[in-house]
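One structure below.
FYI, it's all coordinate maths here, none of it is from the lab. Just so we're clear, the structure is a prediction, and the values are computed from it rather than from any experiment. Heads up, the Cβs are rebuilt from the backbone with ideal geometry, glycines too, and the neighbour counts pull from every protein chain shown.
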Amino acid sequence: MNIYLIGFMGTGKTSTGKVLSEMMNTRLLDTDELIVEQEKRSIPDIFREEGEAGFRNIEKGIFRKLSKDTSDYVISCGGGAPLSSENVSCMKKNGVVVRLLASPQTVYDRVKDDDGRPLLSSEDALSGIISLMKDRERAYREAADIAIDTDGRTPDEVAAEIVESLTKKG
Ligand code: S3P
């Protein structure tokens, strides 16, 4: 079984994924990294050259591959991946879906100095985060088997809670 980490940008999918894969002694994948490796371009370059729609198509291809090729990985997913029901079906085929939550202010504090996220590059980033989070809430909620709050917690604490929830879930 894979563990797919989903959630808004800045909820800690990458940092938690690293700790979780160590705790569980499994390998780690990151869908954004797989996209960059495959395309040999950065995420901002893909958005600039092909728009968000082009990026989403590439992302779908990655999820299709993951649904066939992999098991027993921790997979940190790009923040927009669960907006596609096709991607969510791919995740459910061979994995459990864990959603990480954070408040808009926490997300803002975590991402404000990072210029690698084209969707958060507007002047008023906090308002952008609030509105995009609201638009996506339902998709995240419906995709998740488990949801974990990350506000004020370290990746170690979040990863430990994921392990505990998965153990309880059986
Ligand atoms: C996106 C999130 C990013 C990356 C791309 C689009 C999104 O990943 O896939 O910039 O739509 O939320 P992270 O969630 O890892 O930042």
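If you go through region 1-29 and keep only what is within 10 Å of the ligand (Cβ to nearest atom), among the hydroxyl-bearing types (S, T, Y) and buried (at least 19 other Cβ atoms within 10 Å of the Cβ), you end up with just T11. T106: of a type in the set (V, I, T) and touching a Leu at 6+ places or on another chain (Cβ under 9 Å), yes or no? No, not satisfied.
Please enumerate the residues belonging to region 30-79 that are without any contact (Cβ under 8 Å) to a residue 60 or more places away in the chain, over 22 Å from S121 (Cβ atoms) and surrounded by 19 or more Cβ atoms within 10 Å (Cβ to Cβ). Hits for region 30-79 are L34, I62, F63.
Of everything listed in (1) within 10 Å of the ligand (Cβ to nearest atom); (2) closer than 20 Å to S21 by Cβ, the single unmet condition for L132 is (2). Residues of region 80-118 that are over 25 Å from E164 (Cα atoms), surrounded by fewer than 18 Cβ atoms within 10 Å (Cβ to Cβ) and hydroxyl-bearing (S, T, Y): S84, S85.
The set of residues from region 131-141 being touching a residue at least 24 places away in the same chain (Cβ under 8 Å) and either of a type in the set (G, A, S) or surrounded by fewer than 16 Cβ atoms within 10 Å (Cβ to Cβ) (or both) comprises A139, R141.
Considering region 96-124, the residues that are small (G, A, S) and more than 13 Å from the ligand (Cβ to nearest atom) include one that is farthest from I46 (Cα to Cα), namely S103.
Put simply, of G128, G152 the only residue that is of a type in the set (G, A, S) and assigned to a helix (DSSP H, G or I) is G128.
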